[in-house]
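So the structure is just underneath, and the comments pick up after that.
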Amino acid sequence: MTETPPPRRARAEIDLGALRANVRTLRARVAPHAQVMAVVKADAYGHGAVRCARAALDAGAAWLGTATPHEALALRAAGITDVPVLCWLWTPGDPWAEGIEAGLDMTVSGMWALREVAEAARETGRRARIQLKADTGLGRNGCQPADWPELVGEALKAEKDGHVTVTGLWSHFACADEPGHPSIASQLDVFRTMLDYAEKAGVRPEVRHIANSPATLTLPETHFDLVRPGIAMYGVSPSPELGTPADFGLRPVMTLKASVALVKQVPAGHGVSYGHHYVTERETRLGLVPVGYADGIPRHASGRGPVLVGGRVRRVAGRVAMDQFVVDLDGDTVEPGTEAVLFGPGDHGEPTAQDWAEAADTIAYEIVTRIGARVPRVYVNG
């Protein structure tokens, strides 16, 4: 069988071998009794949820995690049926019945959600697997400590009535990526108090968990029964302050490439791209890279985004447009079709996702996650 050649305009190469190695590295950092949940929300942070989920499971992940129920149901539809999947971002009217039938673990953060999932369980005639989420200080989803006794009590009544099984108790850190932040210890204390209340009331969870990527890497006291690495699984550091991917034995999974579409000679004083925010200082060659903000290249990196072209790192010249941007080749001879590497592991001098994050005043999470569907994913080392 002849394989389809990689797309020439642009492609995101996804190294599944690196992803498997990262999962094994993360597993080695946690206590033997703690399981690893591979978080594959947002299409696996832009890497492709189904392929990455399978690779993570091959490497020893025991759970999968998604944000929305539709993401979780898509995993089940793809044939991933024999592993627990937790989804946590539910809104009123979401497909609770389908989630029950698919055997999903569904997060309940308040009474409205408990009522909806219990009603769906009555309609389907099947118990719902639910996990109660505690707001220990992040201030987003989750049940406030003052409301926890009511939620726990009503969940136990629903469990006694045969409508639900409480499979987990969990929370999420606000500042685990900031070493020494006082909220870390505070949240952990609140979480332990809320766990103690629920367990004394009669909840018998399969798993208790609070550790995200930074906590998995640096806070072993937070690992409990399960850790939830997300960005770390894809070989991106959750915070430069914590360390580089290499410091943790991780390797970036995504390499973003494009092919130079046009090279042309222009005179000194020539404006480049919208607004002429870049004007050539001398006669030079310009190279056109055929990706733009419609592909997820951040417009905020205009004038600063680094690209490896022709053996040298160039900077975006002028504004990033919807479909393209320009680099100044500074007189170098580069042919159309030459590979332009926007980011990757950095092994060959190419920029990294962190370099682009700094150029766009954002975080590396956003750089990889925002790469759009117009950029094909090409899987290697599968």
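The values are calculated or read from the model by the stated rules, or taken from the named source; none is laboratory data. The structure presented is a predicted model; accordingly, all values stated were derived computationally and were not measured. Please note: Cβ atoms are built from the backbone with ideal geometry, for glycine as well, and neighbour counts cover all protein chains shown. Calculation scope for accessible area: heavy atoms of the full protein, side chains included, ligands and nucleic acids excluded. Shrake-Rupley method; radii C 1.70, N 1.55, O 1.52, S 1.80 Å.
For region 294-325, the set of residues classified as within 20 Å of Thr338 (Cβ to Cβ), open to solvent by 40 Å² or more (accessible area, probe 1.4 Å) and assigned to a loop (DSSP other than H, G, I, E, B) consists of Gly310, Gly311, Asp323, Gln324, listed by residue number.
Please enumerate the residues belonging to region 248-293 that are within 23 Å of Thr369 (Cβ to Cβ), open to solvent by 50 Å² or more (accessible area, probe 1.4 Å) and not in a loop (DSSP other than H, G, I, E, B). Matches in region 248-293: Tyr293 only. Residue pairs whose Cβ atoms lie under 8 Å apart, sitting 6 or more positions apart in sequence or on different chains, and linking a residue in region 55-84 that is farther than 25 Å from Asn141 by Cβ to a partner that is at pLDDT below 95 and in a loop (DSSP other than H, G, I, E, B), are Ala55/Gly382. When the residues of region 341-382 are filtered to those that are among the β-branched types (Val, Ile, Thr) and in a helix (DSSP H, G or I), which remaining residue is most open to solvent (accessible area, probe 1.4 Å)? Filtering first and then ranking leaves Thr369. Quick check, is Ala21 open to solvent by less than 50 Å² (accessible area, probe 1.4 Å) and modelled with pLDDT under 95? Spelling it out, it is not the case that Ala21 is open to solvent by less than 50 Å² (accessible area, probe 1.4 Å) and modelled with pLDDT under 95. Considering every residue within region 126-140, establish whether at least one is more than 30 Å from Ile184 (Cα to Cα), in a loop (DSSP other than H, G, I, E, B) and modelled with pLDDT of 95 or more. Within region 126-140 (the criterion being more than 30 Å from Ile184 (Cα to Cα), in a loop (DSSP other than H, G, I, E, B) and modelled with pLDDT of 95 or more), the answer is yes, since at least one residue qualifies.
Can you find a residue in region 186-206 that is touching a residue at least 24 places away in the same chain (Cβ under 8 Å), assigned to a strand (DSSP E or B) and touching a Ser or Thr at 6+ places or on another chain (Cβ under 9 Å)? No, there is no match, as no residue in region 186-206 is touching a residue at least 24 places away in the same chain (Cβ under 8 Å), assigned to a strand (DSSP E or B) and touching a Ser or Thr at 6+ places or on another chain (Cβ under 9 Å).
Among the residues of region 191-218, which ones are crowded, with 19+ Cβ neighbours inside 10 Å and among the hydrophobic types (A, V, I, L, M, F, W, C)? Residues satisfying the conditions are Phe191, Met194, Leu195, Ala198, Val203, Val207, Ile210, Ala211, Ala215, Leu217. Within region 84-112, the set of residues being among the β-branched types (Val, Ile, Thr) and surrounded by fewer than 18 Cβ atoms within 10 Å (Cβ to Cβ) comprises Thr91 only.
Scanning region 219-242 for residues that are open to solvent by less than 10 Å² (accessible area, probe 1.4 Å) and either hydrophobic (A, V, I, L, M, F, W, C) or without any contact (Cβ under 8 Å) to a residue 40 or more places away in the chain (or both) turns up Leu226, Val227, Ile231, Ala232, Met233. When the residues of region 132-144 are filtered to those that are over 21 Å from Arg122 (Cα atoms) and touching a strand residue (DSSP E or B) at 6+ places or on another chain (Cβ under 9 Å), the one that is most open to solvent (accessible area, probe 1.4 Å) is Gln144.
As a summary of the residue check, Glu178 satisfies the conditions (1) open to solvent by 10 Å² or more (accessible area, probe 1.4 Å); (2) part of a helix (DSSP H, G or I) except for the one numbered (2).
For Pro69, the test of being touching a Pro at 6+ places or on another chain (Cβ under 6 Å) and at pLDDT below 95 is failed. Checking Pro179, Pro92, Pro149 one by one, the residue that is at pLDDT below 95 and of a type outside the set (Val, Ile, Thr) is Pro179 and no other.
Tell me whether region 145-163 contains one or more residues that are under 23 Å from Val30 (Cα atoms), of a type in the set (A, V, I, L, M) and open to solvent by less than 60 Å² (accessible area, probe 1.4 Å). No - not one qualifying residue is present in region 145-163.
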